[in-house]
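Here's the structure we're looking at; comments come further down.
Here, each number is a calculation from the coordinates, and none is a lab measurement. Predicted model only: the values in this text are computed from it and were never measured. Glycine also receives a Cβ, built like all others from the backbone with ideal geometry; neighbour counts cover every protein chain displayed.
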Amino acid sequence: MAPETSPAAKSKRPLSPHLQIYKPQFTSVLSITHRLTGIALAVGTVLLAVWIVVVATGAPDLYAGFTGFLGGWFGRLLLLGWSVALFYHLLNGIRHLFWDAGYGFELATAQKSAYAVLFGTAFLTVLAWWFGLMMEFR
Amino acid sequence: MASLRSALGRARGLGSAKDGTHHWWAQRITALALVPLSLWFVVNVIGLIGAPHLAVAQWMGHPVNACLLAGLVVAVFHHAQLGIQVVIEDYVHGEGLKLAALLLVKAACWLLAAAALISIIRISVLIVFFKG
C-alpha cells in the first residue's frame, strides 16, 4: 500500500503478507476483530470525555441536548455498537492476558475460549441493554 | 548464531524501538486496570440512565466516583493511545505521515484526558455548593 516514494517502497524490504492473502479462520477473524473493536472504542471514548465535560459545564440545556442525542435512534445505534465492542474487547482482552501469562495456547483451548468470548459478549450486551431499558421505563 | 548487537545494546535491552518492553507492559497494565474499572463504569452509567443533570453531577462529584472515574480516564486514554500507536506503526509506512499521525493521536488523547480530569475536579469542587 505504500506509495513508490516512501522509504518502505524504496528499500524493497519484504513485508509480511497482508490479511487478505490468508483464508479467514475462526480464530484469525476474532483476532482482527479485537483490533477493529479497539479502534472503534478509541473513537467512542471521545464520547466519555465529552459526557464528563458537558456535565461540568453546568448547563442543563447542553446536557439535555447531549442525552437527547444519545437517546435518539442514531445515538442508540452508536451506544449499541459501542457496548458490543466494549464487551468483546474486554472479554477477548482477558483471553489475551491469559495468553501473555502463557496459558491457553492449545488449539482446542483457543477454540473454546473463542466461543466463550462470543457467548459472553452476547450475554453481557443483552444483560446491559435489558437493565438499561428497565431504567428507562421505571 | 552470533549476535550483531553490541554488548552495551544487549545489556540495555532496549531493542530497535529504543524503549524495550515498556510499551508492551504499559498496554497490559492499563488493560488489567480497565477490567474492573470499565465494568464499574458500565454498571454505574446504566444506573444513571434518565437521571437529571444534577443527579449525574452529584454522582460524578462523589469522592469515590470522582477517583474511580479519573482512574478510568487515565487508564483508558493511555491504553487507547498505545493501541492506536501499534495500528499506525503497522499500516502507515511513510515516515512523515506516520510521525504526524502518532503525534496527532498522542495530542488528542492527552487533551481529552486533561479535559475530562479538569471537568471531574470542577464538578467535585462545585457540587459541594449544590448540596444544600
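With runs of 4+ DSSP H residues as the only contributors, calculate the mean residue ellipticity of chain B at 222 nm using -39,500 (n - 2.57) per run, divided by the residue total and rounded to the nearest 500.
It comes out at -28000 deg cm²/dmol, rounded to the nearest 500.
Assuming a strict under-28 Å limit between Cα atoms, what lysine pair count do you get for the protein assembly as shown once near-sequence pairs (fewer than 8 apart, same chain) are dropped?
Number of lysine pairs found: 9.
Using θ = phi - 60° and the Karplus curve 6.51 cos²θ - 1.76 cosθ + 1.60, what whole-Hz ³J(HN,Hα) does each residue of the stretch A:33-40 get, with Gly and Pro shown as x?
My calculation for the stretch A:33-40 gives 5, 4, 5, 4, 5, x, 5, 4 Hz in order.
Measure nothing but the geometry: give the 0 to 90° angle between the long axis through the Cα atoms of A:107-136 and the longest principal axis through the Cα atoms of chain A, rounded to 10°.
Approximately 10 degrees, to the nearest ten.
Output the relative contact order of the stretch A:27-136, whole-number percent, from Cα pairs under 8 angstrom with separation of 6+ residues. Each step should come with its number before you reach the end.
On the way: 50 pairs, mean separation 35.8, N = 110.
RCO, the stretch A:27-136: 33 percent.
Arrange B:Cys67, B:Cys109 by Cβ neighbour counts within 10 Å, fewest through most, would you?
Least to most surrounded, the residues fall as B:Cys67, B:Cys109.
Across peptide B:108-121, what mean number of C-beta atoms from other chains lies inside 10 Å of a residue's C-beta?
For this peptide, the per-residue mean of nearby foreign Cβ atoms is 4.
Provide a whole-number value for the mean count of partner chain Cβ atoms within 10 Å of the Cβ atoms in peptide B:36-48. Intermediate values should be presented prior to the final figure.
On the way: counts 0, 0, 6, 4, 0, 2, 9, 2, 0, 6, 10, 3, 2.
Mean inter-chain Cβ contacts per residue within 10 Å come to 3.
In the protein assembly as shown, with Lys and Arg counted as +1 and Asp and Glu as -1 at Cβ, which of these residues, B:Val35, A:Pro60, B:Gly47, has the Cα nearest the positive end of the dipole, that is, farthest along it?
B:Val35
Please sort through the DSSP H helices of chain B and keep those with an alpha-carbon extent of at least 15 Å along the long axis and a Kyte-Doolittle average not below -0.5.
Span-like helices here: B:22-47, B:63-91, B:95-130.
At a 10 Å Cβ-Cβ cut-off, how would you order B:His62, A:His18, fewest neighbours first?
Ascending Cβ contact count within 10 Å gives the list A:His18, B:His62.
For chain B, what is the relative contact order in percent, using Cα pairs closer than 8 Å and at least 6 residues apart in sequence?
Result for chain B is 30 percent.
What order do you get for B:Leu102, A:Leu86 when you list them from fewest to most C-beta neighbours inside 10 Å?
Numbers: B:Leu102 16, A:Leu86 24.
The order, fewest Cβ neighbours first, is B:Leu102, A:Leu86.
Classify chain A as rounded, prolate or oblate from the Cα gyration tensor: take a ≥ b ≥ c as the square roots of its eigenvalues, call it rounded if a/c is under 1.5, otherwise prolate when a/b beats b/c and oblate if not.
oblate
Taking the Cα centre of the protein assembly as shown as origin, work out the dipole magnitude from +1 charges on Lys and Arg Cβ and -1 charges on Asp and Glu Cβ, in debye rounded to 20.
560
How far is helix A:60-71 tilted, in degrees, relative to the longest principal axis of the Cα atoms in chain A, given as a value from 0 to 90 rounded to the nearest 10?
Once rounded, one gets 50 degrees.
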